[in-house]
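*Asks:* Got a structure for you, questions after.
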Amino acid sequence: MGFADDFLIPLVDEGLGNSAYLVDLGDGRALAVDASRDLRALRAAATRRGLHVAFAADTHLHADFLSGAVQLGHDHGATVLASAAGRRTFEHQGLADGDEVDLGGLTLRALATPGHTDEHLSFLLLDGDRPLGAFTGGSLIVNSAARTDLLGAERTEELARAQYRSLRRLTRLPDETAVWPTHGAGSFCSAPPGTGRTTTIGAEKRANPLLAAPDEDAFVARLIASLGSYPAYFDRLAELNRRGPAVLTAVPQLPALEAEQVRALLADGGHVVDVRPAAHFAAGHIPGSLSIPLRDQFATWLGWLLPGDARIAFVTDEDQDLSEIVWQAYKIGYDRLAGRLSGGMAAWQEAGFLTSATAFVTPDRAPAAPYLDVRQEAEYAAGHVPGALHLELGVLAAHAAEVPHGAVVACGHGERAMTAASVLERADHSGLTVLNGGPGDYAAARGRHLTEGGAR
């Protein structure tokens, strides 16, 4: 059994595609690395091991989630460790390249690894002089490196070149050194996403295609070519993390709202988000509501489609986990949560208010109509229905006028397509049909084959 097996506890957020880490320091204390504001899993892990979080380290100013470091400082008295160059405005121990922190037997050494962000640090965990592993955040990740375009297109190449130098520096560590990245499969900070969560320096030197680039220019070209779109909320969170998220003194709740209160909120510029499964939304929903089914990816689409200051009421099914809704919203900075419709859609209908419905059909029952594909560019390029109109869900609201009325709206399974239909309905589209299935199912039902490559 190695160090990672005995003392390292990875905490994976499948929805955002990130990993936080809890390190058992062996004396009842722990180090948390890149912890999210949603600390439920971390707290549970610490409780199981009887650990007190003494240190909370952040590798960079996260764009995809609010950091939990400030909360850990408040609740546990944890010392927050972060780059001095990040200019954070809350109490923390600012670190520069080469600085070391005594963890009580182990040492944490800061390594400046800019690229994903300007102030990015990796943290090398040492037992004496022996490297145990490196928390690489958004620098070296499994078979890739994290994206370098979050600070604007005008700086993407500059940061990609910094990323090249940072990865070269990390690969000078011993081959057996473990690599514990923050970003991984499913993260929009990854470019491109992979499947593994952790790796080693040696494994990356053998298999990472970016490290196989013959020179810096080739590296930069490969990295930039892999960059796709990312959620709109990424442009807000780094600054919120610099200032420090508000400390929560109680577990946030989702109050019950009467139907009239929900209607009034919607009329006053608020938003209604329906978190029920796509089929339930299709059968009957509040006109103007946004369908975002509650699943691992809920936070991503909430943050992509609603403004950061949105006042939100939710429509739920009776068996859905209200705390999951709250924490997914809170971890990306959405805390103006008015509540949830008490009694669900039945209460709305009993109040005599109007409802809308959306056709949700299997591929064999889909009408002969224009086909709208709302998947990401890489998914579309991998195989799409010939002649499909392609508009990613994240930009659909701005291009709603390009969508023919009565279109068949589709994604990979149906959830994003239902979200897309709700976006279009809010833009006064009608007669839409949502495909309960994916492009392969649709093509097979018509005896056709998918086409690869190409843009919309």
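*Asks:* Identify, by number, the condition in (1) open to solvent by less than 30 Å² (accessible area, probe 1.4 Å); (2) over 25 Å from the mean Cα position of the chain (by Cα); (3) in contact (Cβ under 8 Å) with a residue 60 or more places away in the chain that Asp364 doesn't meet.
*Replies:* Failing condition for Asp364: (1).
*Asks:* OK, next. Find the residue count for segment 67-80, including only residues that are surrounded by fewer than 24 Cβ atoms within 10 Å (Cβ to Cβ) and in contact with a Leu (Cβ under 6 Å, 6 or more places away or on another chain).
*Replies:* The number of residues fulfilling the criteria is 0.
*Asks:* Any residue that is modelled with pLDDT under 95 and farther than 22 Å from Arg206 by Cβ - is there at least one of those in segment 105-127?
*Replies:* Yes: segment 105-127 contains one or more residues that are modelled with pLDDT under 95 and farther than 22 Å from Arg206 by Cβ.
*Asks:* Continuing with this model, one more query. What residue, of Leu248, Leu237, is open to solvent by less than 20 Å² (accessible area, probe 1.4 Å), within 30 Å of Ala338 (Cβ to Cβ) and modelled with pLDDT of 95 or more?
*Replies:* None of the other options fit; the residue is Leu237.
*Asks:* Looking only at segment 325-360, filter to residues that are open to solvent by less than 30 Å² (accessible area, probe 1.4 Å) and within 17 Å of Phe281 (Cβ to Cβ); which one of those is nearest to the chain's Cα centre (by Cα)?
*Replies:* Ile325
*Asks:* Residue under question is Gly50, and the condition is that it be out of contact with any Cys (no Cβ under 9 Å at 6 or more places or on another chain) and either open to solvent by less than 10 Å² (accessible area, probe 1.4 Å) or not acidic (Asp, Glu) (or both); does it hold?
*Replies:* yes
*Asks:* Among the residues of segment 208-225, write down those that are open to solvent by 20 Å² or more (accessible area, probe 1.4 Å), within 25 Å of the chain's Cα centre (by Cα) and closer than 24 Å to Glu176 by Cα.
*Replies:* Result: Pro209, single match.
*Asks:* Further, regarding this structure: Could you count how many residues in segment 172-192 are modelled with pLDDT of 95 or more, open to solvent by 20 Å² or more (accessible area, probe 1.4 Å) and not aliphatic (A, V, I, L, M)?
*Replies:* Qualifying residue count, segment 172-192: 4.
*Asks:* With respect to Ala388, determine if the residue is in contact with an Asp or Glu (Cβ under 7 Å, 6 or more places away or on another chain) and farther than 21 Å from Gln297 by Cβ.
*Replies:* Yes: the conditions hold for Ala388.
*Asks:* Shifting gears a bit: Looking at segment 367-387 only, could you name the residues that are open to solvent by 10 Å² or more (accessible area, probe 1.4 Å) and over 27 Å from the mean Cα position of the chain (by Cα)?
*Replies:* Of everything in segment 367-387, those that are open to solvent by 10 Å² or more (accessible area, probe 1.4 Å) and over 27 Å from the mean Cα position of the chain (by Cα) turn out to be Pro367, Ala368, Ala369, Pro370, Tyr371, Pro386, Gly387.
*Asks:* Show me the strands (runs of 3 or more DSSP E) entirely contained within segment 1-68 in which 3 or more residues are closer than 17 Å to Ala82 by Cβ.
*Replies:* Correct list: 18-24, 29-33, 52-57.
*Asks:* Out of everything in segment 21-31 that is under 16 Å from Leu125 (Cβ atoms) and open to solvent by 10 Å² or more (accessible area, probe 1.4 Å), what residue ends up being nearest to the chain's Cα centre (by Cα)?
*Replies:* Only one residue fits best here, namely Asp24.
*Asks:* Could I ask something else about it? Among the candidates Asp13, Asp38, Asp34, which residue alone is among the charged types (D, E, K, R), at positive phi and surrounded by 18 or more Cβ atoms within 10 Å (Cβ to Cβ)?
*Replies:* Matching residue, one of Asp13, Asp38, Asp34: Asp34.
*Asks:* Separate question: For segment 397-447, enumerate the residues that are in contact with a Pro (Cβ under 7 Å, 6 or more places away or on another chain), part of a loop (DSSP other than H, G, I, E, B) and either farther than 17 Å from Pro370 by Cα or open to solvent by 20 Å² or more (accessible area, probe 1.4 Å) (or both).
*Replies:* Pro404, the sole residue that qualifies.
The values are calculated or read from the model by the stated rules, or taken from the named source; none is laboratory data. The model shown is predicted, which means the values in this text are computed figures rather than measured ones. Cβ coordinates were reconstructed from backbone atoms using ideal geometry, including for glycine residues, and neighbour counts include every protein chain displayed. For the accessible areas, the whole protein counts, side chains as well, though only heavy atoms, and no ligand, DNA or RNA atoms are used. Shrake-Rupley method; radii C 1.70, N 1.55, O 1.52, S 1.80 Å.
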